[in-house]
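What follows is a short report on a single structure.
The values are calculated or read from the model by the stated rules, or taken from the named source; none is laboratory data. If you're wondering where the values come from, they're calculated on a predicted model, not measured in any experiment. Counting neighbours? That spans all protein chains shown, and the Cβs are built from the backbone with ideal geometry, glycine included.
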Amino acid sequence: MSAATHDHDREEGLAFQPKFDAAGLVTCVATDVATGDVLMVAHMNEEALRKTIATGDAWYFSRSRNALWRKGETSGQTQRVVEMRTDCDQDAVWIRVEQVGAACHTGRRSCFYRAVKDEGGNVSLSFVDAEKLFDPAQVYRK
């Protein structure tokens, strides 16, 4: 099959054919099903994707720990997948989730709790929606 035919099938067909990168990962964007807010961006390997589909719980692959993990297995801050979509070339997935508690390991509802500001060429960050829902030091004891 030519690359063009394969790309057309991936983009227009109904077969789920995730396109993993060289590290064996696809990017996953998780949003709150009720509000539409972006909660986090993470990565899934084939096993995480398979487990997410099979269980309805969000599973990810940690690049820093080189390990599979289920969202909330340590913190209790879980994600129940309501819908999963893939983008046009199937190299990213979007999950709409019911978030219990915080999505971010910093204890915040979303990982996107800082806004980028440009004030006359001075680019900085400011906190927005940055209230902590839990204390990470208490939850992630080592």
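General observations
- Members of the stretch 87-117 found to be in contact with a Pro (Cβ under 8 Å, 6 or more places away or on another chain) and either closer than 24 Å to Ala137 by Cα or without any contact (Cβ under 8 Å) to a residue 60 or more places away in the chain (or both), listed by number: His105, Thr106, Gly107
- A search for C-beta distances below 6 Å between a residue of the stretch 61-76 that is of a type in the set (Lys, Arg) and any residue that is in a strand (DSSP E or B) and buried (at least 16 other Cβ atoms within 10 Å of the Cβ), counting only pairs 6+ apart in sequence or on different chains, returns Arg70/Asp57; Arg70/Trp59; Lys71/Gln79.
- Residue within the stretch 119-127 that is touching a residue at least 12 places away in the same chain (Cβ under 8 Å) and either closer than 29 Å to His6 by Cα or not small (Gly, Ala, Ser) (or both) present: yes
For (1) over 12 Å from Val38 (Cα atoms); (2) modelled with pLDDT under 95; (3) under 20 Å from the mean Cα position of the chain (by Cα), each residue gets a yes or a no:
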site: Ala92; (1), (2), (3): yes, no, yes
site: Ala103; (1), (2), (3): no, no, yes
site: Arg109; (1), (2), (3): no, no, yes
site: Ala115; (1), (2), (3): yes, no, yes
site: Phe127; (1), (2), (3): yes, no, no
site: Leu133; (1), (2), (3): yes, no, yes
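- Qualifying residue in the stretch 14-23 (condition: out of contact with any strand residue (DSSP E or B) (no Cβ under 6 Å at 6 or more places or on another chain), of a type in the set (A, V, I, L, M, F, W, C), within 19 Å of Asp91 (Cα to Cα) and not in a loop (DSSP other than H, G, I, E, B)): no
- The set of residues in the stretch 34-86 that are in contact with a Pro (Cβ under 9 Å, 6 or more places away or on another chain) and farther than 16 Å from Cys104 by Cβ comprises Met44, Glu46, Leu49, Thr86.
- Qualifying residues in the stretch 85-124 (those that are out of contact with any helix residue (DSSP H, G or I) (no Cβ under 7 Å at 6 or more places or on another chain) and among the hydroxyl-bearing types (Ser, Thr, Tyr)) - the one nearest to Ser75 (Cα to Cα): Ser110
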